[in-house]
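Take a look at the structure below.
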Ligand SMILES: [Cu+2]
């Protein structure tokens, strides 16, 4: 009997000690747990995104048979890194490209190559812009970025010391890029059998405006004050839209072959610019003037 009483006293003491520590732990920890995170939150500074103003590319040496690695890329705007190959016969081809890269610094971008590279092939990484759709397509306007009258490139010559060959081989690529851009402009201008349709009925000016890389046709529209202007924007190629801020009117960005009609009232006199808001198209000349008299 004495033993049992001693056991009970012992258990009560042990339980009491445990209870003391459990409650004192929670009561001392609780204020700490609530105050420290608050202090941390208030001292966190927002990370500032670094957007370079100058584009540059660095191609890692020794492009392997199946991929090219860009060790560093600084992009002032969204774009793609496109891998061109010039073989020993001087034939240029596109053999790979990155996914769309946002503005900023990028490192170690591995680009899979469609065609294996051989000794003496010249590999040139060229920065291309994005027309706004996030899908690489030169024909849709994802052209090489031009900076200080030159393309943004990085060169590797397979198994050949670079200094010996870079200078002589890059011009053939430059010629290729120029021919490619010229061919694209030609393609869009020769298919231009556009007839400008302007009809006026019941004080509605209906006009069909064609858009292509990088212009509008017509590039001038004349409306009378108070007229309702109905613009049927027809995209002949590329990704474009029709925007006129003065009258708060715009189409959506549409693909080549598509049309969209918008309407607004020309309720003030003056000259107002309309333009394409995709990428750098406005700066590249994709704009026109609406005059209201
Ligand atoms: Cu455009």
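Extents of region 198-292, taken as max minus min of Cα coordinates on every principal axis and listed largest first, are 33, 23, 19 Å. Using the Cβ-Cβ distance between residue 118 and residue 54 with R0 set to 25 Å, the FRET efficiency from 1/(1 + (r/R0)^6) comes to roughly 0.15. Once the C-beta distance of residue 268 and residue 146 is scaled by a Förster radius of 41 Å, the resulting FRET efficiency is 0.65 to the nearest 0.05.
For residue 174 and residue 61, the FRET efficiency from 1/(1 + (r/R0)^6), where r spans their Cβ atoms and R0 equals 22 Å, is about 0.50.
FYI, it's all coordinate maths here, none of it is from the lab. If you're wondering where the values come from, they're calculated on a predicted model, not measured in any experiment. Heads up, the Cβs are rebuilt from the backbone with ideal geometry, glycines too, and the neighbour counts pull from every protein chain shown.
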